[in-house]
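Taking it in order: structure first as structure tokens, then the write-up.
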Amino acid sequence: MESANVLQMPTSTKTVGKLQLGKNKVLIPEMNRSSAHLFAAALRAFAADAQVLETGRGLELGKKFTSGKECFPCLVTLGDLLYFVEEERRRLGAAFRADRYVFFMPESEGPCRFGMYNKFQRMVLDSLPDLQGLKISSLSNTDNYSPEGLIDPQKVQRFRKTACLAMVVADVLDRLTWRVRPYEKAGGLTDALAEQGLHRLMEVVERTGAENPFDPVVGELEKILAAGQTIIDPAIPPKPLIGIVGEIFLRMHRRSNQDLIRLMERYGAEVVNASMAEWLNYVSYDGLRQAKRKLRLGLRLLRPRQVKESIREMLGFGVNLLFQERTQQAVFKRARRRLDIAGDHRISHLEKILRETGDFSFDIPTEASLSIPGIIHCARNGYNGVVNVYPFTCMPGTTTSAVVRPIMHELGFPFLDTPYDDSIQPNRETAIRTFMYQARQNLQRHGRKWPTT
């Protein structure tokens, strides 16, 4: 007999899941500013009314409807949504209708709590007056974040290409900021260029995204990168190169990580954060690995249906991975002709590191599979330190720390854990200053190389 106090999850998929966007206003949570706004521009190119939510203003609302046991990004994104709803109700008054909005919240399978965000947020919305009609539309890693079911089926492939391009271009724009800002001729020049560049790229993506966006978008990106080159002061000597890895939301969301990159730059760092494309490529790569494993099992057990399904999945994940990697390579090749930004690595390179060291395994599908080899990659390839960013109580983040910390100690390589929730830790800045002192010592002893991958 079930307890009357147990909260039951609705079985209906009419208000959460892969839902058609239609003519509703699509609300995009801001994880990374560049990627969120360029993704919204890609949606608008295909006639979706997409808007990026203002972030950070609704933190108290997020805390009001959570217990503190949830992952911090869940609290932040819920708060952003509820803050928007409050403001929209205030603006529209009696004309406000929740069923005219769709909140976009992807999900992921595996041990990470990310897969439960949209379910929990659905329960919160259902508990609030007049918000039951506000839908939550999601994409899942199980089908490679396919937009089928969200937009017109005839536009799915073109949208995937445009969205992929938008994510890679956003990565390059961020790397411009991190490459130029520590060496800019005058404070504020880089931020102004990056903000102007983002708006220029949004306009081009929205205007050309439904047709052939590559050359117009990358051409505009090249102009922005060339402008970035002109504001570098060559008299400023090279600074310690710091890599950032960890949970994707926390390491990219500036308010949640308390503007970690800018703080590290204040104490003399040049930073390279892991890319958005890394996660997208990992989803395709892991899907391909699992499909291959399913194929081997089907052949061994003589199951023709499983073999056929596995081959279809291999083709789907494999083609997507190939396209994503080629798009990334093509964009970075043209970008690096204009500005010497850091390159990006293939996911196969990270798996190779784990196979060589035996420190972890890609068979455990969490962000630790990326963070652990990413840290080792930094230690081997000319960086002067690395920071692991993750939500407080995050299992993949604490796993990464447990595995990597003794390795970095043995190598004598500067390493720092930075778990975050909504609190301000009084010793955080002291820890970063100490870490940067170690990174400067590493630079003096070993120098630094500019990472090509």
Quick one: residue 308 ticks every box in (1) of a type outside the set (S, T, N, Q); (2) surrounded by fewer than 21 Cβ atoms within 10 Å (Cβ to Cβ); (3) under 29 Å from residue 114 (Cα atoms) except a single one, so which number is it?
(3)
What is the number of the single condition among (1) in contact with a strand residue (DSSP E or B) (Cβ under 7 Å, 6 or more places away or on another chain); (2) of a type in the set (Ser, Thr, Tyr); (3) not assigned by TED's automatic domain parsing to the domain that holds residue 394 that residue 282 does not meet?
(1)
In segment 144-153, which residues are of a type in the set (S, T, N, Q) and crowded, with 19+ Cβ neighbours inside 10 Å?
144
What pairs come up if the first residue lies in segment 187-202 and is more than 19 Å from residue 44 (Cα to Cα), the second is surrounded by 15 or more Cβ atoms within 10 Å (Cβ to Cβ) and modelled with pLDDT under 95, and their beta carbons are under 7 Å apart, counting only those six or more places apart or on different chains?
none
Name the single residue, out of those in segment 88-112 being over 16 Å from residue 29 (Cα atoms) and of a type in the set (Asp, Glu), that is farthest from the chain's Cα centre (by Cα).
99
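For segment 121-139, indicate whether the set of residues that are polar (S, T, N, Q), touching a Leu at 6+ places or on another chain (Cβ under 6 Å), under 23 Å from residue 33 (Cβ atoms) and not in a helix (DSSP H, G or I) is non-empty.
For segment 121-139, residues polar (S, T, N, Q), touching a Leu at 6+ places or on another chain (Cβ under 6 Å), under 23 Å from residue 33 (Cβ atoms) and not in a helix (DSSP H, G or I): present.
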Being surrounded by fewer than 14 Cβ atoms within 10 Å (Cβ to Cβ), of a type in the set (D, E, K, R) and not in a loop (DSSP other than H, G, I, E, B) is the filter here; which residues of segment 416-453 pass it?
445
Considering only helices (runs of 4 or more DSSP H) fully contained in segment 344-415, which possess at least 2 residues that are within 25 Å of residue 73 (Cα to Cα)?
368-380, 395-411
Counting only residues in segment 17-47 that are among the aliphatic types (A, V, I, L, M) and at pLDDT below 95, the one surrounded by the fewest Cβ atoms within 10 Å (Cβ to Cβ) is identified as 47
Residues (among the aromatic types (Phe, Trp, Tyr) and within 17 Å of the chain's Cα centre (by Cα)) located in segment 113-143:
114, 117
Of all residues in segment 340-388, count the ones that are more than 18 Å from residue 286 (Cβ to Cβ) and hydrophobic (A, V, I, L, M, F, W, C).
8
Could you name every one of the helices (runs of 4 or more DSSP H) located completely within segment 240-323 that has at least 1 residues being at pLDDT below 95 and within 16 Å of the chain's Cα centre (by Cα)?
248-252, 276-300
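State which residue is surrounded by the fewest Cβ atoms within 10 Å (Cβ to Cβ) when the search covers only segment 329-366 and only residues that are over 30 Å from residue 224 (Cβ atoms) and in contact with an Asp or Glu (Cβ under 8 Å, 6 or more places away or on another chain).
Applying the filter and picking the extreme gives 362.
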Which numbered condition in (1) part of a helix (DSSP H, G or I); (2) out of contact with any strand residue (DSSP E or B) (no Cβ under 6 Å at 6 or more places or on another chain); (3) surrounded by fewer than 20 Cβ atoms within 10 Å (Cβ to Cβ) is the only one that residue 156 fails?
(2)
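The values are calculated or read from the model by the stated rules, or taken from the named source; none is laboratory data. The structure displayed is predicted, hence computed values, not measured ones. Neighbour counts run over all protein chains shown; Cβ positions are idealised from the backbone, glycine included.
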